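One structure is given below, encoded as structure tokens.
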Amino acid sequence: MQSNRLKYRCQTALLGAFLLTALQCVTTVQVQGAEAFGGAMRTDSTDQVKYKILYETTFVYDHTDPEKHRDKGLSILIVGESAVLFEDYVAYQADSLWNDLRRKGEREEVIRERCEEQLSSSSVTPFVSLSLPEEKRHIMQYDLSVAGVYRYEEPLPNQKWEITGETSEKMGFRVTKAVTTFRGRRWEAWFSEEIPLPYGPYVFGGLPGLIVEMSDSTGTYLYRLSGILEPYPTELPIGLRHHPNIQTLPREKVRTVVENCHKDFFTAMGVIINGGRDKIRVEMPYSPIELE
């Protein structure tokens, strides 16, 4: 019964999204001069939202005790005419709250306090991914707190899918299994042609329907479709948050910075703690979505 309700909500949201497209084309969202978080809420794109797809996300960050070291939350895939953005739902909600409070004329200090409170909630997707299919570009952005904000750009990656022909039912949809190996991980995806959208979590897509469920072979990542939301007329345009001191580096250098933040957390944060003669080193588990 629950899966049937999800299916109905998704179908209703898709219809509503089509009806709102015309309205969105003439809706102008004012984002100039956004100074909350030191300018972090400005966007670098003006593509309007067509679909908002929610994925329940489970991430095992340490396999020494998977049940204990398991995070669960929501990620959101935001689809426009020429851009596709994937990020943590907590970050999206903070952006939406900022936009709503700005339109209401709320004071900057109140906006900052409310949004920082929202961002303090637990998140499960530690990056923002922006795909630009027409330009064949992909941009990844990591906000590493006081360690800085880092971004890299690369040609839009593609996946070579093998559609196995195996079928099943998930979340109330008829689905077909496809598999691929992408940058060091083996992935299994179940897509549904009942939802004719060639998208999925992160950069995954290109199948004859929306990816309803997806996981890697190690059990580190699991995505399950949670719902499709209708965009609203005052929706922020799709884009990356602009930070005044963002560092754009080659892909491998950004990956090294992120890995080093996990290997020596306090040093990366700019905090030196001495324990007797030796510096205290705190290492955090590191299980990136791309292994190579």
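The values are calculated or read from the model by the stated rules, or taken from the named source; none is laboratory data. Keep in mind that what you see is a predicted model, and the values were worked out from it rather than measured. Backbone-built Cβ (ideal geometry, glycine too); neighbour counts: all protein chains shown. What goes into the accessible areas is simple: the full protein's heavy atoms, side chains included, and nothing from ligands, DNA or RNA. Shrake-Rupley method; radii C 1.70, N 1.55, O 1.52, S 1.80 Å.
Only one entry of VAL179, VAL110 meets the criterion of being open to solvent by less than 60 Å² (accessible area, probe 1.4 Å), at pLDDT 95 or above and not polar (S, T, N, Q), and that entry is VAL179.
Conditions (1) at pLDDT 75 or above; (2) assigned to a strand (DSSP E or B); (3) surrounded by 14 or more Cβ atoms within 10 Å (Cβ to Cβ), marked per residue:
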{"position": "ALA94", "(1), (2), (3)": "no, no, yes"}
{"position": "ARG102", "(1), (2), (3)": "no, no, yes"}
{"position": "SER121", "(1), (2), (3)": "no, no, no"}
{"position": "MET140", "(1), (2), (3)": "yes, yes, yes"}
{"position": "ARG151", "(1), (2), (3)": "yes, yes, yes"}
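Counting only residues that are open to solvent by less than 40 Å² (accessible area, probe 1.4 Å) and either under 30 Å from ASP264 (Cβ atoms) or out of contact with any Phe, Trp or Tyr (no Cβ under 9 Å at 6 or more places or on another chain) (or both), segment 157-176 holds 1 of them. Looking at the structure I just gave you, is ARG174 more than 25 Å from ASP71 (Cβ to Cβ), among the charged types (D, E, K, R) and not in a loop (DSSP other than H, G, I, E, B)? Taking the combined requirement at face value, the residue satisfies it. Scanning segment 214-237 for residues that are open to solvent by less than 50 Å² (accessible area, probe 1.4 Å) and either closer than 30 Å to LYS177 by Cβ or at pLDDT 90 or above (or both) returns MET214, SER215, ASP216, GLY219, THR220, TYR221, LEU222, TYR223, LEU225, SER226, GLY227, ILE228. Considering segment 238-257, and only residues there that are part of a helix (DSSP H, G or I) and either among the polar types (S, T, N, Q) or open to solvent by 10 Å² or more (accessible area, probe 1.4 Å) (or both), the residue that is farthest from TRP161 (Cα to Cα) turns out to be VAL257. Residue pairs whose Cβ atoms lie under 6 Å apart, sitting 6 or more positions apart in sequence or on different chains, and linking a residue in segment 139-161 that is under 15 Å from LEU85 (Cβ atoms) to a partner that is not in a strand (DSSP E or B), are MET140/PHE127; GLN141/LEU240; TYR142/PHE127; TYR142/VAL258; ARG151/ILE246; LEU156/LYS136.
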